[in-house]
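This report refers to the structure that appears directly beneath it.
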Amino acid sequence: MKYTLHKLLTECEIVIPLIQRDYAQGRDSAVELRRNFLHKLKNVLENDTKPLNLDFVYGFTENNGAGSKMFIPLDGQQRLTTLWLVHWYFSLKENIAIIQEEKNSIQETLQKFTYETRISSKRFCANLISYSNVKLFHSGTISENIKDSSWYMASWNNDPTILSMLNMIDSIHEVLGGCENVWKNLVINDKVTFDYIDIKSDEFKLTDELYIKMNSRGKPLSPFENFKAQFSDLLSSKQTNYFESKLEYNNARVSYQQYFAFKIDSVWMDLFWEYRLKTKIKIDDSILNFIHFIADILYFKNTLPDNQSSQSRDFAFLELVFLEKQNVQFLFDSLDFLSSLQDKEAFFNEIFNEVSLFENDQNDLFLKSLTDVGFDVKHKTLLYSILNYCIKTQTKNSDKKLRYFIRIIRNQLLAVRQPNANKRIEYSSSLRLPSVADYSKFIDGLIDIISLNKEKDVFELFSESNLSGFTKDNINNEKLKAKIISKNPTLLESIFLLEDHRYIQGNTINFKLRSENLKSKILAFNEIWSENTKDSNIVRALLSIGDYSIETHGYSVLGDIWYFGIKNCWNRILTFDNDSNSKIIETLDKFLETYIITKGQNAEAKLKAMINNYDSETKDWRYYFVKYDSFSDGTFERQNLFTWKDENGFEINSLGNSGKLPLHSYHLNPYLICIKQLQKENKKIQLFWGRFTEISYLLINEIFKIYCVSDGWKIIPIESEKIDTKLIKKYKIIENENMYMLMAEESMDRIDALNDFIKDLTVN
């Protein structure tokens, strides 16, 4: 049903309720918004155009106790307020054309519009109508003249609604002041209308429904508008356990519903408004994303694993969570805390520039929560940890204690992992949202300890704690670091340096942290595992100390699969943790000690010296890996991942695929790779790949296939080709039916032997 403001005011009072936000169209930040709106009014008021319809205004009517009705708008507050100010302005401007009796009637009509959001707003509206001595055309702005009036109270300068109204009055004067016959166009010609909906009327009967589906033009309400109405209803519901509870707000005691109403369209809205350009999504969607993040965390935190169902983004899920007082309180406290931060981005940067997330991404977790893009369980748990810590400890900045606390939480979260199923030379996170119930036991427990012992160091408190929530081993590993730091604070920076290395990511399980020369070892580690160091030299130098390799796949038809480390994937070696990781601990520690005492100008020089100093009594597989760079230099896109069929390490295959089915990709015997590299200019040598159960081989002169086997080199001629008897005698080759064996004696370098043999074989 189409209405004008004047018609609606003749039928009932219009009361802006407590739940509505302050009047915002007149804010300093809304200049463009209100000018656009006023210019639309100007166009329709000055020109002979069809009436302007301002869309729907909906709400409900109630008896005011004096025998008349009052209309409570749920949507349309901003437009109604602006229209009311336009009517007030032109009732004064066109006063000459209005007879005295009509003027009194106009004042009575306009006085039927009022604000209940604040008592000061209500009084201002009443006084604005009662005192008609405001000078529209006088020195200074109209707002200044109003403020100079005897009835205007100085304290009203703190009311955002009043200040917005004053700004709007000045804008009305500036944009519409030159228009003529406006009152007639507004009141008689109905040039500005809106679609009025009373949701309690017989026409709609939507009092008990959760959604108002559409107005007379078929336009649905936004999800956020629905949410606000539903959430407000929930906060006032007797089903909650906080129905009679009160909160402090501006030196008054208010209900949870009132607290939400006061803040959602003022200070909390300003919080999300700050991020409007960063998120590139609607502010309403940002707010809903954040509230759903809080709901998800709290739901899984407080729900037993057996009862955890998948959460949805409907209001029924939010209602389930926010029926509980502690959950609503955490939501409100979180919004209040974030609103109190002067620079949110700087706050998060100060934390995560020191406590690395090991991502090439922005650090602002609040921003991530608003967009819900790349906002995984790790981020959600860290943001929850920050919010809960700051709320309980009343922390307002990213101080040292907060950063230390978050470092501990980060390390624990990153330790919840498993080998990546698609690339088993890497780890992937196995954090799960339903496991937040466990994580929060640790997080909340540590926060409680810190908040009760404010004078004590975070690491000292943690080292003395008895917490659960993560695995016992992971907690004990972290407590060991905390004990070392609390007893010897001079090691703090070194341990942090180690933790923040991209290959360690907080997990120092394979380091002997009680070493006397720990600082030197950590500096050595950072020198070695840097962007400037060749990975094959690290592999070879490590193997000169001992076998540190790890089994990644278990058995295959070509043998077990072992990994030695390669660029970007050293984490799988350096932080490996199971019953056999002791060999890594010992090898790594001795490796770092040897590196420290080895002479050289840089890491490359020292590693090469360690490689050259390696002395092996037997020519076992480690001898070849250390001596020959091609075994581990990634030639042909190898990943230093090997099938291992014989314990001597000769019938092995270098793999190019580290997934579930690594033999589906082509593979090569590294000894053959080495020969091919040594004779890469020899066009008579071809290297053939193997796949599945096929074995790679060298083809010489297109007549001999050479395979690497445990005892040496197996040579198979094509058809009836023969090796020259002189070569058979020179290299002590054993002939057996249709194949030959170039035996590898224990003291013999089999690479040298085959290399020399092939040179002789291809000389002609």
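Do you know which residues across the stretch 147-164 are without any contact (Cβ under 8 Å) to a residue 40 or more places away in the chain and among the hydrophobic types (A, V, I, L, M, F, W, C)?
TRP151, MET153, ALA154, TRP156 - these are the residues of the stretch 147-164 that are without any contact (Cβ under 8 Å) to a residue 40 or more places away in the chain and among the hydrophobic types (A, V, I, L, M, F, W, C).
Out of THR10, THR82, THR61, THR49, which single residue is among the hydroxyl-bearing types (Ser, Thr, Tyr) and in contact with a Leu (Cβ under 9 Å, 6 or more places away or on another chain)?
Details: THR10 fails: in contact with a Leu (Cβ under 9 Å, 6 or more places away or on another chain); THR61 fails: in contact with a Leu (Cβ under 9 Å, 6 or more places away or on another chain); THR49 fails: in contact with a Leu (Cβ under 9 Å, 6 or more places away or on another chain).
After ruling out the rest, the residue left standing is THR82.
Kindly indicate the residue of the stretch 367-396 that is at pLDDT 95 or above and assigned to a loop (DSSP other than H, G, I, E, B) and also surrounded by the fewest Cβ atoms within 10 Å (Cβ to Cβ) among those meeting that condition.
GLN394
Pairs needed: first member in the stretch 374-392, free of Cβ contacts under 8 Å to residues at least 12 places away in the same chain; second member anywhere, surrounded by 21 or more Cβ atoms within 10 Å (Cβ to Cβ); C-beta distance under 9 Å; at least 6 residues apart or different chains.
none
Select from the stretch 239-254 the residues that are surrounded by 13 or more Cβ atoms within 10 Å (Cβ to Cβ) and farther than 12 Å from GLN329 by Cα and list them in ascending order.
Residues of the stretch 239-254 that are surrounded by 13 or more Cβ atoms within 10 Å (Cβ to Cβ), as a first pass: 240, 242-243, 245-247, 249, 254.
Listed by number, the residues that qualify are THR240, PHE243, TYR249, VAL254.
Would you confirm whether any residue within the stretch 319-327 is surrounded by 21 or more Cβ atoms within 10 Å (Cβ to Cβ), in contact with a Ser or Thr (Cβ under 9 Å, 6 or more places away or on another chain), among the basic types (Lys, Arg) and modelled with pLDDT of 95 or more?
No, the conditions are met nowhere in the stretch 319-327.
Output the residues belonging to the stretch 502-557 that are without any contact (Cβ under 8 Å) to a residue 40 or more places away in the chain and assigned to a helix (DSSP H, G or I).
The answer is LEU518, LYS519, ILE522, LEU523, ASN526.
For residues that are under 48 Å from the mean Cα position of the chain (by Cα) and crowded, with 19+ Cβ neighbours inside 10 Å, scanning just the stretch 144-159, find the one that is farthest from TYR23 (Cα to Cα).
Among those residues, the one meeting the criterion is TRP156.
Report the residue count in the stretch 260-282 for those that are of a type in the set (Ser, Thr, Tyr) and at pLDDT below 90.
We begin by selecting, within the stretch 260-282, every residue of a type in the set (Ser, Thr, Tyr); these are 266, 275, 279.
Filter once more, so that each one left must be at pLDDT below 90: 266.
The number of residues fulfilling the criteria is 1.
Output the residue which, of all residues in the stretch 422-456 that are within 23 Å of PRO489 (Cβ to Cβ) and touching a Ser or Thr at 6+ places or on another chain (Cβ under 6 Å), is surrounded by the most Cβ atoms within 10 Å (Cβ to Cβ). If you could, list the steps in order and put the result at the bottom.
The first filter runs over the stretch 422-456 and keeps only residues within 23 Å of PRO489 (Cβ to Cβ), leaving 446-447, 449-456.
Now drop any that are not touching a Ser or Thr at 6+ places or on another chain (Cβ under 6 Å), which leaves 449, 451.
Working: ILE449: 17, SER451: 14.
Within the stretch 422-456, the match that is surrounded by the most Cβ atoms within 10 Å (Cβ to Cβ) is ILE449.
Looking at LYS521, LYS487, which is the one that is of a type in the set (Lys, Arg) and closer than 24 Å to LYS400 by Cβ? First the steps, then the outcome.
On the way: LYS521 fails: closer than 24 Å to LYS400 by Cβ.
The conditions single out LYS487.
I'm trying to understand the selection: among the residues of the stretch 540-569, which are of a type in the set (Phe, Trp, Tyr) and buried (at least 21 other Cβ atoms within 10 Å of the Cβ)? Can you show your working first?
Start the filter on the stretch 540-569 by keeping residues that are of a type in the set (Phe, Trp, Tyr), which leaves 548, 555, 562-564.
TYR548, TYR563, PHE564 - these are the residues of the stretch 540-569 that are of a type in the set (Phe, Trp, Tyr) and buried (at least 21 other Cβ atoms within 10 Å of the Cβ).
Which of the following residues is of a type in the set (Ser, Thr, Tyr) and within 24 Å of ILE287 (Cα to Cα): TYR384, TYR404? Don't jump to the end; show me each part of the working.
On the way: TYR404 fails: within 24 Å of ILE287 (Cα to Cα).
Of TYR384, TYR404, the one residue that is of a type in the set (Ser, Thr, Tyr) and within 24 Å of ILE287 (Cα to Cα) is TYR384.
Here's the yes/no breakdown for (1) surrounded by fewer than 19 Cβ atoms within 10 Å (Cβ to Cβ); (2) modelled with pLDDT under 95:
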position	(1), (2)
GLY659	yes, yes
SER665	yes, yes
GLN686	yes, no
LEU699	yes, no
ILE706	no, no
ILE715	no, no
GLU721	yes, yes
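Quick check: is even one residue across the stretch 732-739 outside the structural domain of ARG622 (by TED's automatic domain parsing), at pLDDT 95 or above and closer than 20 Å to LYS676 by Cβ?
no
Considering the stretch 473-493 alone, what residues qualify as being free of Cβ contacts under 8 Å to residues at least 40 places away in the same chain, out of contact with any Ser or Thr (no Cβ under 9 Å at 6 or more places or on another chain) and part of a helix (DSSP H, G or I)?
Selection gives ASN476, PRO489, THR490, LEU491, LEU492, GLU493.
ALA421 fails exactly one of the following numbered conditions: (1) touching a strand residue (DSSP E or B) at 6+ places or on another chain (Cβ under 9 Å); (2) modelled with pLDDT of 95 or more; (3) within 30 Å of LEU663 (Cβ to Cβ). What is the number of that condition?
(2)
Give the residues of the stretch 569-588 that are over 23 Å from ILE475 (Cβ atoms) and at pLDDT 95 or above, sorted by residue number.
Our first condition is that a residue be over 23 Å from ILE475 (Cβ atoms); within the stretch 569-588, this holds for 569-570, 573, 583, 586-587.
Answer for the stretch 569-588, where residues must be over 23 Å from ILE475 (Cβ atoms) and at pLDDT 95 or above: CYS569, TRP570, ILE573, GLU586, THR587.
Please verify whether LEU357 is over 9 Å from the mean Cα position of the chain (by Cα) and under 28 Å from SER245 (Cβ atoms), treating the condition exactly as stated. Working first, answer last.
Numbers: over 9 Å from the mean Cα position of the chain (by Cα): yes; under 28 Å from SER245 (Cβ atoms): no.
No; evaluated as a whole, the condition is false for this residue.
The values are calculated or read from the model by the stated rules, or taken from the named source; none is laboratory data. None of these values were measured; they are calculated from a predicted model. Because the Cβ atoms are built from the backbone with ideal geometry, glycine has one as well, and the counts that use them run over all protein chains shown.
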